[in-house]
Amino acid sequence: MQQQFFNLLKDSLPSHVSMADELALKMGLSHDSIYRRIRGEKPLSMSELKQLCQQYNISLDQVLGLQTSTVVFNAPDINLENLPFRDYLQSMLAQLRYFNSFKERSMRYLCKDMTFFHFFHFPEIAAFKTFFWVKTIQNDSAYSKSLFSLEKHGFADCFAIGQQVVREYNLMPSIELWNIESVNSTISQIEYYRDAGIFENRKDMLQVIASLEATFDHLQMQSEIGLKFMPGDPETIYKASIQLYINEVILGSNTILFERDNVKESFVTYTVLNYMSTRDPRFCKKAFASFDNLLSRSTLVSVSGEKERNKLFQRIRERINRLKG
């Protein structure tokens, strides 16, 4: 079981990282002591096992080979109250950098709403979404009576981190499964703020709408060539692939499935912003199989699917244009 534990732990580390070096640093032990534990010559103490399980998010159910119906998830923000949105973005950035540290990695994204990463290509829609998340979702009392204004609520610091998040996302090949309804959430948010008088002025509202249009223009350009890139990126920059699919029948939940060096991990949202993750093989097997099943019943609109792609983005633009009304 101890060897099984170290096999699981090794899967948590990028291939270029020495497990012995990593553990010697984390546990404050000599390399000889670490190797004796890895070889099973010296048993791990309960305190050492607890430390490593917490450090690397390893479930003891997996170590002990328990086949119960319990699935252990890691929810990094569960013990935090009112996490500042900037810190939330930093946490996401660290997570993506971790996945990009592996040689082989990929992402599958089942989109109930627009993917988070696409909101940080342009500053106006990024500012609006940040304001909405902070004021309406996190219910931050500092914004309870605030009206949205691009001048007052530009959130330049969050936008700068968001751009870094997008650049990390752009390094990872992904398959994204959308439904036409995936765009409705953001459109409804703008519509609600418009009708409730939460925009400070109409000019700002129109700039946010124009920015949302530019976001979909950019997404369409990415889907045409099947590659991710930032607006204005030079041709020489590395571009990971994006496969964009549309499913007209099923609207799933916001679920992200990562695979790196043959290790699978599932991320599931449990509030609008917060997520929990698991590497439980049984759960991941079902989650990946379900995604692939939906994918087989969906239409590819990137690269070759020109007709369906143009129809999709035309429908999206028609919905956005109604906001200007």
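The values are calculated or read from the model by the stated rules, or taken from the named source; none is laboratory data. Predicted, not measured: the structure shown is a model, and the values here were computed from it. FYI the Cβ positions are ideal-geometry reconstructions off the backbone, even for glycines, and counts take in every protein chain you see.
What to note about this one:
- Among the conditions (1) exposed (fewer than 13 other Cβ atoms within 10 Å of the Cβ); (2) within 28 Å of Asn254 (Cβ to Cβ); (3) free of Cβ contacts under 8 Å to residues at least 40 places away in the same chain, Glu104 misses just one, which is (3).
- Exactly one residue out of Val263, Val249 is closer than 27 Å to Leu8 by Cβ, among the β-branched types (Val, Ile, Thr) and either modelled with pLDDT under 85 or under 21 Å from the mean Cα position of the chain (by Cα) (or both), and it is Val263.
- Apart from one condition, Asp87 fits all of (1) in contact with a Leu (Cβ under 9 Å, 6 or more places away or on another chain); (2) of a type in the set (Asp, Glu); (3) crowded, with 16+ Cβ neighbours inside 10 Å; the exception is (3).
- Here Lys152, Lys145, Lys112 are screened, and the one residue that is outside any helix (DSSP H, G or I), touching a residue at least 60 places away in the same chain (Cβ under 8 Å), of a type in the set (Lys, Arg) and assigned by TED's automatic domain parsing to the domain that holds Val263 is Lys112.
- Residue within region 246-263 that is of a type in the set (Gly, Ala, Ser) and either closer than 15 Å to His118 by Cα or not in a loop (DSSP other than H, G, I, E, B) (or both) present: no
- Boolean, Ile180 is in contact with a helix residue (DSSP H, G or I) (Cβ under 9 Å, 6 or more places away or on another chain), modelled with pLDDT of 95 or more and β-branched (Val, Ile, Thr): no
- Asp87 falls short of the stated requirement of being charged (D, E, K, R) and touching a residue at least 60 places away in the same chain (Cβ under 8 Å).
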